[in-house]
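Encoded as structure tokens, the structure appears first; notes follow it.
Read-outs: derived from the displayed coordinates by stated rules, not from any lab. Note that the structure is predicted; figures quoted are calculated from it, not measured. So basically every Cβ, Gly included, is an ideal-geometry build from the backbone, and we count neighbours across all protein chains shown.
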Amino acid sequence: MLRSPVVLPTAIIGAGPVGLAAAAHLHERGLPFVMLESGSTVGHSVRHWGHVQLFSPWQYCIDHAARRLLEPTGWQQPDPEGYPTGHALVERYLAPLAAHPAIAPALRLNSQVTAITRAGMDKLKHAGRADAPFALSVRSPAGDEAIVYAGAVIDASGTYDTPSPLGANGVPARGERAHQAQIVYGIPDVLGTARTRYAGKRVLVAGSGHSAFNAVLDLAALAAQEDGTAITWVVRRGELGTAYGGGAADGLAARGALGQRMRALVERGTIRLVTGWQTDRVAGTADGLVIFAGAQALEPVDEIIVATGMRPNLSMLGELRLGLDAAIEAPTALAPLIDPNLHSCGTVRPHGADELAHPEPNFYMIGMKSYGRAPTFLLLTGYEQARSVVAALAGDWEAARRVELELPETGVCSGPIAAGGAALDAASCCGTPAPTLARTAPLLISLTPARPAANGACCTPAAQANCCAPAEKNDCCGTTELLTSASCGCEA
Ligand SMILES: Cc1cc2nc3c(=O)[nH]c(=O)nc-3n(C[C@H](O)[C@H](O)[C@H](O)COP(=O)(O)OP(=O)(O)OC[C@H]3O[C@@H](n4cnc5c(N)ncnc54)[C@H](O)[C@@H]3O)c2cc1C
């Protein structure tokens, strides 16, 4: 006989930064949990890009509950102003956290979750559903299978394992699978372990996000040391514009600098930039790989690096009742806040358990996976999600709705969204026209009166100082009250 969900542990899927933060919060609340990690170590995905320096300084990389857990152990917090690499994030933070006696006994490595359902019922069955425990199918690397029962599930499994393809229409381009030996997805360590693979080679990088920036910048450094290294950068968009980011206006200086360094490379002609390119075919020739967009072809290359984003793996969630946006594949209430079709501020208003809820009670997706296909996820966002969701699972809805997060903005503001889903007049704010919202988004979220329910997408103080005349600040910020609101980022 299965125990009731209230005494069953919460299952956390994934021991990345956000899954481990959820564990720290569950421990703090005295709630039992089990953490299932497919890799052989914690931070398994982060280790794949361990050579990359984060654009967030340490102060934005550590969850509050995790810090409270670690501090009494003598753990040395890294310099808050310093920038970790992915490896340092694991070694100096995630590994000590996972080794803490409050977490280690609950951690099961080499445990890949392959399916989640409600015990004894499929997706169709309704009666008694909310009280039925979750049943998670878990597979070991050797293929052994086990069932783990849980009263709640927090899916923090990220998106790293499911990169988007080279094909511009979202499916692998013709020939892409056949030439996998010369294609890498993500950010290979071209200055380290993968150096010989790329030194002196003709390399094509596809994608216009931060991962593509990192790959191109590393290749440019390699090209400066190794003759014959040539870089072609292809992007689907017609012009780069805001893709370079907010530069000096970015609340995260290192993130802003990435785009500026890319711009400089393009302007100096160090790399060849191809815009408006929609890859639909990859062909092997005697002189190398050729990519096609219809009848057009680019010069042959030796290697291709695909950094076109990532997407959530939803296959293990097929028997759960999900409320996902059809395009973004993020929870329905969260999607309009992060939809890159609607705005490019890169900033999402603080959100928590209410916005992350699904029709399936006590199931939550948090962390990178909660953003679905949208870019711009930040650890800070994930930590706040973990705090709020755990508070909700503990029944503390006051804390779950007391969302306090202040996110560093990107400094790019092409279409801010006010509370309620209305488009703000971006022209009065940042000097760029606001796009028409295609969606009538139900953005009303539960917030305590202490935080003005508006305008997390407003300009940064820096952007306003640069872009907004004093007379326009009211338009930008919505109400006079908000002029003094720290959450709006406005200054009188
Ligand atoms: C190159 C790069 C640089 C980044 N830089 C920054 C930055 O500077 N600042 C910032 O705030 N954010 C940054 N991010 C974004 C984001 O914060 C990170 O991706 C972060 O690792 C997301 O944490 P997560 O815990 O949600 O997911 P992940 O770190 O991806 O962790 C998910 C975990 O789940 C495990 N897993 C996956 N599937 C299963 C399964 N089926 N069963 C069991 N376990 C599973 C994985 O092995 C992994 O350990 C960066 C991302 C990348 C890729």
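All other residues with a Cβ under 14 Å from the Cβ of L222 taken together, and with Lys, Arg as +1 and Asp, Glu as -1, what is their net charge? So the surrounding residues net to -2.
Positive end of the dipole of the range 95-198 (Cβ unit charges, origin at the Cα centre): among V171, A127, P105, the Cα lying farthest that way belongs to V171. With the convex hull drawn around the C-alpha atoms of the range 177-306, the volume per residue stands at 110 Å³.
Other residues lying with their Cβ under 13 Å from the Cβ of A374 contribute a combined charge of 0, Lys and Arg counting +1, Asp and Glu -1. If the chain linking A254 and E299 were pulled fully straight, counting 0.36 nm for each residue of separation and taking away their Cα-Cα distance, it would gain 12.9 nm. Taking Cβ atoms as reference points and 15 Å as the exclusive limit, the residues near P165 contribute a net charge of +3, counting Lys and Arg as +1 and Asp and Glu as -1.
Taking all C-alpha pairs of the range 89-244, those more than 26 Å from each other amount to 54 percent.
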